[in-house]
Amino acid sequence: MNSAQTNWFDTPAPPADDDILFVDVGGYEGPLDLLLDLARRQKVDLAAISILALAEQYLLFIDKVREKRIEVAADYLVMAAWLAYLKSRLMVPQAASDDEPSGEMLAAMLQFRLKRLEAMRTVASQLMNRPRLGLQVYARGMPEPIQIDRKSLWEASLYELLKAYSVQREKGVVTDYAPIQRTVWSLQDARDILQRLIGDSFDWVPMDSYLIDYLASPTERATIRASTFASSLELVRQGQIDIRQSETFGPLFVRRHRSNPS
């Protein structure tokens with residue numbers, strides 16, 4: 001490549017000093033901040049500072065900075081003009097017909113603004129310098145739980161255990177229980193029916209043959225047989241019927257008792 005041609009990889013030359021714009025004035029956040037710093041350099045209380053000396057220091061500072069083309073910082077220049085006006089008000093006696101605020105009033109207003117700015121900066125510094133969580137202050141660790149181990153020891157007698165069991169069983173019992181109405185043959189009913197069925201028959205007939213019409217109901221079968229058997233024994237004792245059983249657990253045969261057996 002010809003040396004006369006443009007090299008696109010060359011680093012651009014820095015701008016000239018005359019083209020650089022300096023906006024930040026010594027790291028100050030504004031003209032009032034600069035005034036506060038100048039007032040602190042007097043090493044006296046803000047209420048006792050010399051406003052005239054403070055104005056002269058500010059104007060001298062601005063003149064030095066203007067050599068670096070600080071014209072864009074209009075707020076600093078406005079404050080400089082106002083301080084020049086304040087300086088003139090302090091040096092020239094006020095006429096009786098002058099309605100403008102006196103130099104002392106303007107100086108008092110400036111002192112109040114400086115005191116307020118200093119108070120805000122002090123509180124802000126205190127807030128920023130407070131201990132921060134994780135740096136100067138650490139949160140308390142998780143508390144270690146206390147494990148409680150409980151063991152139940154029961155002491156009860158047999159009566160108390162049975163009572164507790166009955167109470168639990170009663171809770172599950174149906175409250176609307178209705179007993180079943182069962183038909184029960186009395187001994188007298190069974191006796192009358194057996195006498196009527198046997199009649200005057202002298203033949204051996206199984207007892208269930210006489211009761212076949214009554215044994216059809218399963219719910220009444222047990223009471224019919226029990227009452228009939230007890231009644232038959234009573235009739236045998238009275239000599240009205242005879243009972244015979246040919247084998248063990250075999251059927252019972254009954255007939256009318258004969259007075260003169262053949």
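The set of residues from region 64-88 being at pLDDT 75 or above and out of contact with any Phe, Trp or Tyr (no Cβ under 9 Å at 6 or more places or on another chain) comprises VAL78, ALA81, TRP82, ALA84, TYR85, LEU86, LYS87, SER88. Among the candidates ARG130, ARG191, ARG221, ARG196, the residue that is in contact (Cβ under 8 Å) with a residue 24 or more places away in the chain and of a type in the set (Lys, Arg) is uniquely ARG191. Checked against (1) over 46 Å from the mean Cα position of the chain (by Cα); (2) open to solvent by 100 Å² or more (accessible area, probe 1.4 Å); (3) not charged (D, E, K, R), TYR138 passes all but a single condition, namely (1). Any residue that is part of a helix (DSSP H, G or I), within 28 Å of ALA119 (Cα to Cα), of a type outside the set (Gly, Ala, Ser) and modelled with pLDDT of 70 or more - is there at least one of those in region 93-103? No, region 93-103 has no match at all. Taking (1) touching a residue at least 12 places away in the same chain (Cβ under 8 Å); (2) under 21 Å from GLN188 (Cα atoms); (3) not in a helix (DSSP H, G or I) in turn, PRO251 satisfies each apart from (2). The number of residues in region 177-199 that are of a type in the set (D, E, K, R) and modelled with pLDDT under 80 comes to 1. The one condition from (1) open to solvent by 60 Å² or more (accessible area, probe 1.4 Å); (2) free of Cβ contacts under 8 Å to residues at least 24 places away in the same chain; (3) closer than 20 Å to HIS257 by Cβ; (4) among the hydrophobic types (A, V, I, L, M, F, W, C) that LEU211 does not meet is (1).
The values are calculated or read from the model by the stated rules, or taken from the named source; none is laboratory data. Only a predicted model underlies this, so the values are computations on that prediction, with no experimental measurement involved. Here Cβ is always computed from backbone atoms with ideal geometry, including for glycine, and neighbour counts include all displayed protein chains. These area figures cover heavy atoms from the full protein model, side chains too; ligands, DNA and RNA do not enter into them. Shrake-Rupley method; radii C 1.70, N 1.55, O 1.52, S 1.80 Å.
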